[in-house]
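**Student:** Following this message is one structure expressed as structure tokens.
Bear in mind these aren't lab numbers, they're just calculated from the coordinates by the rules spelled out. The model shown is predicted, which means the values in this text are computed figures rather than measured ones. Glycine also receives a Cβ, built like all others from the backbone with ideal geometry; neighbour counts cover every protein chain displayed.
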Amino acid sequence: MSDIIPLEKIEGRILLIRGHKVMLDADLAELYGVTTKRLNEQVKRNRDRFPDDFMFQLTGDEKDKVVANCDHLKKLRFSYALPYVFTEHGAIMLATILNSEVAVKASIQVVRAFVKLREMMSTHKDLARKLNEMEKKYDSQFKVVFDAIRELMSPPQKPRKKIGFRREHE
């Protein structure tokens, strides 16, 4: 079976919200070949299949943060509706209620993306644990090396904006 959707595209749409890896209803609708309105209609008709650990609705603040951080969601900025997000299990359940060939094929790719992300996170945790064990074994002369490795493992931080005026002489 050929991949209908590149995994990288799906991985880029998985967000971490409230400690859960989720995908927005609009992104899943696009992947499954339906409109967001149709997707949400089907969810409402089958609400008993979507417990809170499969799906939840974003708050206004969460929606604003997601829109600010995801360029492909600019049209969502002016929508009055708060989007729903779906966990891996919710995304699979969506494919079963949409019951189309596209949705089934796309859901396989969605699951693969979630699994790949989970494997990457597990590898990162294993690396951090091994680094801690090594640090305990070796003396303090290697502390600088371990600190440098930890810094490389952490995600880059955005530079702070400087406040105040610049002088012409500087």
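**Student:** Within 10 Å of each residue's Cβ, count the other Cβ atoms and sort GLU30, GLU151, GLU88, GLU11 from fewest upward.
**Tutor:** Taking fewest neighbouring Cβ atoms as first place, the list is GLU151, GLU11, GLU30, GLU88.
**Student:** Next up: Percent of alpha carbon pairs in the range 7-117 separated by more than 17 Å?
**Tutor:** Pairs farther apart than 17 Å: 49 percent.
**Student:** Now for a different question. Can you pull out the trypsin sites (Lys or Arg not before Pro) in the range 15-51 that DSSP calls coil and that have at most 11 other Cβ atoms within 10 Å?
**Tutor:** Those satisfying the criteria are ARG18.
**Student:** May I pose another question? Would you please give the residues with an amide H less than 5 Å from that of MET55, counting only those at least 5 places away or on a separate chain, with H modeled from the backbone geometry?
**Tutor:** For MET55, whose amide H was placed from the backbone, the distant partners under 5 Å are THR87.
**Student:** Looking at the range 20-113, which chymotrypsin sites (Phe, Trp or Tyr not before Pro) are in a loop (DSSP not H, G, I, E or B) and have at most 16 other Cβ atoms within 10 Å?
**Tutor:** Sites meeting the loop and neighbour criteria: TYR80.
**Student:** Among LYS75, LYS65, which comes first, then next, by fewest other beta-carbon atoms within 10 Å?
**Tutor:** LYS75, LYS65
**Student:** If r is the Cβ-Cβ distance from ASP71 to VAL102 and R0 is 41 Å, what FRET efficiency results, to the nearest 0.05?
**Tutor:** Efficiency computed from Cβ-Cβ geometry: 0.95.
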